[in-house]
Structures are given as structure tokens and as C-alpha cells.
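Heads up, the thing below is written out as C-alpha cells.
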Amino acid sequence: MNEQERIAVLRAELHQHNYNYYVLNQPTISDQEFDALLRELTELEARHPELADPNSPTQRVGSDLSNEFETVLHVRPMLSLSNTYNKEEVRAYYERVREGLSGEPFEICCELKFDGLSISLHYEDGQLVRAVTRGDGVQGDDVTANVRTIRSIPLQLNPAGGWPRVFEIRGEILMPWTSFEALNREREAREEPLFANPRNAASGTLKSKQTATVAERHLDAYLYYLLGDELPADGHYENLMAARSWGFKISDAMHKVQTLEEIYAFIDYWDQERRNLPVATDGIVLKVNSQRQQRTLGMTAKSPRWAIAYKFQAEQQSTILREVTFQVGRTGTVTPVANMDPVQLSGTIVRRATLHNADFIAQLDLHLGDHVLVEKGGEIIPKIVAVDEAFLTGERGPRVEFIQRCPECGTPLVRNEEEAAWYCPNDAGCPPQIKGRIEHFVSRRAMNIDSLGPETIEDFYNRGLIHNVADLYDLTVDQLSGRSDSRIRSARKAIQAIEDSRQVPFERVLFALGIRFVGESIAKILARSFRDIDTLSRARLDDFLQINGIGQAIAESVINWFGDMNNIFLIERLRSHGLQLALSEKQLASQSDRLAGKTIVISGVFQRHSRDEYKALIEQHGGKNTGSISAKTSFVLAGSGMGPAKLEKAQKLGISIVDEDSFLEMIGE
Ligand code: IVH
């Protein structure tokens, strides 16, 4: 792969990871892995200025906007910190600061880096008036009502006074480990999806529409940055000490130092000691203490020059590999799983770890009974990173071999050229694939038949009641309840949910079918382009390739799926049960080509619709929404408070600015 191709691959991967993290709240890689990819891309782009792209993942800081809250502009933009991973980089920061201050003496404030979500709190006359999430750094969600339920955040400051009349304070909202574990235990009992880590749990909670839910979940908050025109001191540390006296929760782990050795000592101490903290931390933050000196140093486009984050290495532990089992997923992919002696890692007990695929096992040269190093980067699935060589002395157990037949149905496994994964081709007869497809079909974002959890599906399947998703629509209350009175209510509820799913719009039905590569957004594109399932089923490769966003792999997967007679029968049964297999009249009517071929950037804050609604409207009318302005932009849909940099860029490129009302007129609303 040459560097140009590598840039394209990295951009695609990072876009996906951004989406997983910021939109779905379900990261699949650790922050460290993400940062490593981003760094590689940044370096490659620096070497290839001719390949610059305003939409590259290096050009943005991410967003957590959601449409349920009012979007508000930050009074001062919320910058992020640049990350470092080793002491050499910390030394470089220290030297840069020394040079930037021309040899003047300076103090560094060392702090913990809390791993939650950042929040900006505004106080006036001693009262909390507004709480805003980071969002994209320029604007965020107003979550004041939810934040008011967090007990460690003062609603009214200490009457003894001393606080400025108007100020802002920023910090981190966190879910303590104990609350996190209790919450996941409850969710497990209710068959609800688990939160990957306390950060996601805190973020999901803060975006909840019900403040009561927030209150129940026991969030906590540490504050670490005071801003305003009339602060008590020049020193950052001194300001936070004052804020502590006003009633804010300020971490005890703050320490002012002068030398690099003291900084290293702080790092080493907390790298160990953080395991005993009630909340998650992922590093330490170093800040030049004097605000006057901070101003001298200034900032780059994204982060201040006076501060830096040092990220801890993901925690590793050594334990013994006892057994390797093999899991078959809904698409037939076989994943090897290591079963190990339990070991305490980053706040939870770990017994299982993924081994990814056959190549990975071979690379590790893994034997049963080996001591292995397990790592968890704050994410759901821990992984084995190496065999612990310290124990490689005596005899080893048998080498771990990948299986050749499906552990569930005995079918010989196959593997596609160029793919690492082995899979079971028996999609019609292999139980976990059948059950997995049904689980996917009923899931919330698909048909939303949420009263049927995995255990219920397992039970129905074992009782021979369901073999495919169409069978769900033949179920009766008697079958579900087993004629037991105590189960009749839940059985009725399930049948009602199945009934209701007949109204689920076509694009979600398409997503629910579980066709390989057809995720939510691809399903939307396909539904809009082909309008009904019969047209889609007859489409040829060329028809697909004309559509923006549909490539060869997706096209082939869809064509293959409809090439299987079993699937054609399945569709006919779903049709006879009344599912939506075409866009509705209403969807068709609201759809137009008025914005066909137009690439539109959204900027600012709006009155009539939320940003997400505008995104949907653009798509509905055949347009394309992108993140930043380039020569390809057709126009900017601008609300109030569009940033000056964006405005200048648009003017320079001669791109027109369209306000909310003109836009709505344009699409005939
Ligand atoms: S100071 C301009 N201090 O890390 C400085 N941030 O990438 C602004 N964080 O978004 C941040 N602990 O959410 C600061 N002690 C700490 C922090 C901290 C965690 C988070 C914060 C920020 C991110 C920086």
C-alpha cells in the first residue's frame, strides 16, 4: 500500500471510529489506538499537502450534539489538550514552555486527567445558571436541568461569598466505578445492552431526557478550570483553591512543581495510585500555573501551548490461559475467546479476552497454560497482547489450534481470500446465526420489539417456535405464556410489540434484515434510492454503483442476499404479515430532488429546526451534508453565530450563505 492509499484507509477508519464514539457512544477501539491512527494520518498528511481534505478526521475535534437539547454557543470555545504518551514528550513540552517564557521562572500545576465528559458551568450572583456539554467545542447542548441533579455540583455557592459575580468553571462529569457496576448489573438483569465504560455510562446518562434517570444514576463531578474576567488570582492553582472554598469539588491530587523530576514523580505516583480512586482517570494534565504566562505562550488552532495531557499506558496484568472457546456471530464469523484465571484489571474482574482470529493466535504462538499479558484500554473487550516471557521456562501445554468445523453445527469453516476471519457458511441451519439474526431484527434501532430479549429468543428457538424472523409474526399469546397465568401479561405485551412493528418504516425493515454491510445509514440510502423492496431485489451492479455512498462490496452483498431463494420466501412471508416493504406515501411526498447534487454545510444555531432535523431534510431532498467548507460546497446553511473563520472561508471561495427561512422556502416547506 502506498502512502496515498494509506491516507484514504486511515481517513475511512477514523470516520467510522468517530461515529462509533460520538454518535453511537460505542467505541470499538481504545483512545490510545485511536490517537495512534490519528497521529499516523496527521504525519502522512503533513508529508502530502497535495492530498489535503477539509473533511479529513484530522480537521475536526468531534461532536456530541444531540437534538433533544437546545444547542448553545460557548462563551469561550472549549479547546482540547494535545496528548503525549511518554516522558520524552513531556520533556519536550517542558522545554518548549521554558523557551516560550524566555528563561523566566515558572510553575507547573500537575493534575489528574479524569475520564468522563467535560462540562462548562456558568454562575451568576452565586447561582448555577447554565450547564453546557462540550459538543464540538464551539457549541454544545444545554443540559442544565440534568446537571442540577448531580449532587456534587453546587446550585448555590457558599454564602460567605468571595466569588466573582459572573464566571465559568469547567470540569468533568463522571460515573464512579461502584455506580457503574451496579448500573450494569441491573441492565444485565433486564437484558439491556451494557455500557462499555463509566465514560459512556456518564455520557448516556447526561443525555437522558428524564432528569429523574440522571438523579438515580449517581453521577459525580470534579472541576478543574476557572474562567472569567474577575478571577481572584493570577495562579490557576490558587483560583481552584478559592473555588473549593466557594463549594466546588476540586481534586486533592493537585500539585504545583517546578522541575521535570517532580513532574515525573507525580506521573509515577499516580500511575500506580489511580487504581485506588473511586473514578476513572486516563492520565495526568500539566498546566503552566500563571495565567499571565499562559497568555504569553498562547495557543495553536486546537489546544493551548501551556498545557498538555500525559496518557497512562493501558493497564496490563499477567494471568494464565486455561482454555480457548469459539464463538459464532450472527453473520457466521468465528471468534476465538481466551478463558483465563480471573484477574483484576482497570476496575473490573476479567476472565475472558478476545483473540481476534486465527492469524492472531498463530502470531502469539499461544499454548494452553501459558502466562499471558492482558490489557484493557478502558473499553469493553479486554485483549491478550503477548505471552508473558518471564514464565516461559519449563514445559508448555498444547499449542492452541484454530478449529476447522463450526463448534455449533459441525459445518466445515470457510475463509474468503484476503479476509482474516473464518466463518460458518451454514447460515440457514446454524443456531447462533439464526438466533443472532432474530436478535438483530428485534433490536431497538431495527424493529424495536424490545420485550424480546436474547434469553426469550433462545427459549422460543429451543421450543421450536421460531426459526426465522417471519415466524415471530405467527406467535400467539398462548404459545408465549405456555398457558401460565403469571406469564400472560408479558406475553400480551410481546405480541403487541410484534403487532406494532408492522408500522416500522421501510428503511428500518431493510436494516433489520441483517444483510451484510447494510447498516442503518446504508439502509436509508437504499430505501430512498430504490423506494421499494421489489425494485431493490431486481437491481443490478450498475444501478447500485450510480448511487452516492454505495460501493462494490455493498452492492455484491445485497445482490447475493436476494439471490438466495430462502430470502425471497422470507420477504414474501413478511409481506403477507403486512410489514412496510416500500417508502410510505408520506415519505414519498416529502421526498424531492430539489437539492440533488448539492453539497451543503450546516453552521450556527437555528430557531425552526434542530441541526439533526436540518441534516435529515437535506437528505430527504437529495442533498449531501458535509462538515466543512471546501470548493465543492454548494452553499452554507447558516443560523446565528456562524464562526468568523467559516464565514471568511466561504466568502473567499465565493460560496453563498443561505439563512434558515430561505432554505425552508427552497425545499418548499
Ligand atoms: S483542562 C484548555 N484539566 O481532557 C484546557 N482537562 O483533551 C482544558 N480533562 O476536554 C482542559 N481532566 O474533558 C483539563 N484536570 C483536567 C482534566 C481535563 C480531564 C479532559 C477534559 C478535556 C480533555 C482534554
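The values are calculated or read from the model by the stated rules, or taken from the named source; none is laboratory data. Note that the structure is a prediction, hence the values are computed from the model and not measured. Backbone-built Cβ (ideal geometry, glycine too); neighbour counts: all protein chains shown. We work out accessible area using only protein heavy atoms, side chains counted, and drop any ligands, DNA or RNA first. Shrake-Rupley method; radii C 1.70, N 1.55, O 1.52, S 1.80 Å.
Selection over region 478-491 of residues that are open to solvent by less than 40 Å² (accessible area, probe 1.4 Å) and either modelled with pLDDT of 90 or more or in a loop (DSSP other than H, G, I, E, B) (or both) gives a count of 1. Please go through region 336-358 and give me each residue that is of a type outside the set (A, V, I, L, M, F, W, C) and free of Cβ contacts under 8 Å to residues at least 24 places away in the same chain, ordered by number. Answer for region 336-358, where residues must be of a type outside the set (A, V, I, L, M, F, W, C) and free of Cβ contacts under 8 Å to residues at least 24 places away in the same chain: 339, 341, 342, 351.
Number of residues in region 590-611 that are open to solvent by 40 Å² or more (accessible area, probe 1.4 Å) and outside any loop (DSSP other than H, G, I, E, B) equals 2. Got at least one residue in region 271-287 being more than 22 Å from residue 34 (Cα to Cα), open to solvent by 20 Å² or more (accessible area, probe 1.4 Å) and modelled with pLDDT of 95 or more? Taking every residue of region 271-287 in turn, none turns out to be more than 22 Å from residue 34 (Cα to Cα), open to solvent by 20 Å² or more (accessible area, probe 1.4 Å) and modelled with pLDDT of 95 or more.
When the residues of region 75-101 are filtered to those that are among the β-branched types (Val, Ile, Thr) and under 28 Å from the mean Cα position of the chain (by Cα), the one that is farthest from residue 114 (Cα to Cα) is 75. Residue 214 satisfies every condition listed in (1) open to solvent by less than 20 Å² (accessible area, probe 1.4 Å); (2) more than 16 Å from the ligand (Cβ to nearest atom); (3) modelled with pLDDT of 90 or more except (3).
Checking each residue in region 104-121 for being open to solvent by less than 60 Å² (accessible area, probe 1.4 Å) and either of a type in the set (Phe, Trp, Tyr) or over 28 Å from residue 180 (Cβ atoms) (or both) picks out 106, 108, 109, 114.
In the set 116, 126, 103, 135, which member is without any contact (Cβ under 8 Å) to a residue 12 or more places away in the chain and either more than 13 Å from the ligand (Cβ to nearest atom) or within 22 Å of residue 201 (Cα to Cα) (or both)?
So the residue among 116, 126, 103, 135 that is without any contact (Cβ under 8 Å) to a residue 12 or more places away in the chain and either more than 13 Å from the ligand (Cβ to nearest atom) or within 22 Å of residue 201 (Cα to Cα) (or both) is 103.
Regarding residue 575, is this residue in contact with a strand residue (DSSP E or B) (Cβ under 8 Å, 6 or more places away or on another chain) and not aliphatic (A, V, I, L, M)? In short, no. Evaluating residue 467 against the criteria (1) modelled with pLDDT of 90 or more; (2) part of a loop (DSSP other than H, G, I, E, B); (3) open to solvent by 70 Å² or more (accessible area, probe 1.4 Å); (4) over 22 Å from residue 332 (Cα atoms) leaves one unmet condition, (4). Just one of (1) within 15 Å of the ligand (Cβ to nearest atom); (2) surrounded by fewer than 21 Cβ atoms within 10 Å (Cβ to Cβ); (3) in contact (Cβ under 8 Å) with a residue 60 or more places away in the chain fails for residue 143. It is (2).
Does at least one position in region 43-50 carry a residue that is within 16 Å of the ligand (Cβ to nearest atom) and either outside any helix (DSSP H, G or I) or modelled with pLDDT of 80 or more (or both)? No, there is no match, as no residue in region 43-50 is within 16 Å of the ligand (Cβ to nearest atom) and either outside any helix (DSSP H, G or I) or modelled with pLDDT of 80 or more (or both). What number of residues within region 295-319 are away from the ligand (no atom under 16 Å from the Cβ) and either among the hydroxyl-bearing types (Ser, Thr, Tyr) or under 30 Å from residue 138 (Cβ atoms) (or both)? Selection size over region 295-319: 2.
Note on region 149-174: residues that are crowded, with 17+ Cβ neighbours inside 10 Å, assigned to a loop (DSSP other than H, G, I, E, B) and within 16 Å of the ligand (Cβ to nearest atom) total 2. For residue 322, the conditions (1) at pLDDT below 95; (2) among the charged types (D, E, K, R); (3) away from the ligand (no atom under 14 Å from the Cβ) all hold with the exception of (1). If you go through region 111-130 and pick out every residue that is closer than 30 Å to residue 258 by Cα, part of a strand (DSSP E or B) and of a type outside the set (Gly, Ala, Ser), you end up with 6.
Residue-by-condition table, conditions (1) open to solvent by less than 30 Å² (accessible area, probe 1.4 Å); (2) farther than 24 Å from residue 524 by Cα; (3) among the β-branched types (Val, Ile, Thr):
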residue: 618; (1), (2), (3): yes, no, yes
residue: 621; (1), (2), (3): yes, no, no
residue: 629; (1), (2), (3): yes, yes, yes
residue: 633; (1), (2), (3): yes, no, yes
residue: 646; (1), (2), (3): no, yes, no
residue: 654; (1), (2), (3): no, yes, no
residue: 659; (1), (2), (3): no, yes, no
residue: 665; (1), (2), (3): no, yes, no
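Scanning region 79-92 for residues that are within 10 Å of the ligand (Cβ to nearest atom) and either part of a strand (DSSP E or B) or over 30 Å from residue 268 (Cβ atoms) (or both) turns up just one, 83.
Residues that are of a type in the set (S, T, N, Q), crowded, with 17+ Cβ neighbours inside 10 Å, within 12 Å of the ligand (Cβ to nearest atom) and not in a loop (DSSP other than H, G, I, E, B): does region 230-253 have at least one? No, that holds for no residue. For region 325-347, the set of residues classified as within 25 Å of the chain's Cα centre (by Cα), at pLDDT 90 or above and among the aliphatic types (A, V, I, L, M) consists of 328, 334, 337, listed by residue number.
For residue 459, are the conditions met, namely being within 18 Å of residue 493 (Cα to Cα) and modelled with pLDDT of 95 or more? No, not satisfied. Could you tell me whether any residue of region 620-639 is among the basic types (Lys, Arg) and in contact (Cβ under 8 Å) with a residue 12 or more places away in the chain? Yes, region 620-639 has at least one match.
Against the conditions (1) within 16 Å of the ligand (Cβ to nearest atom); (2) assigned to a helix (DSSP H, G or I); (3) in contact with a Phe, Trp or Tyr (Cβ under 9 Å, 6 or more places away or on another chain), residue 223 satisfies every one except (2).
Residue-wise test of (1) surrounded by 15 or more Cβ atoms within 10 Å (Cβ to Cβ); (2) in a loop (DSSP other than H, G, I, E, B).
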site: 509; (1), (2): yes, no
site: 518; (1), (2): yes, yes
site: 529; (1), (2): yes, no
site: 537; (1), (2): yes, no
site: 548; (1), (2): no, yes
site: 560; (1), (2): no, no
site: 573; (1), (2): yes, no
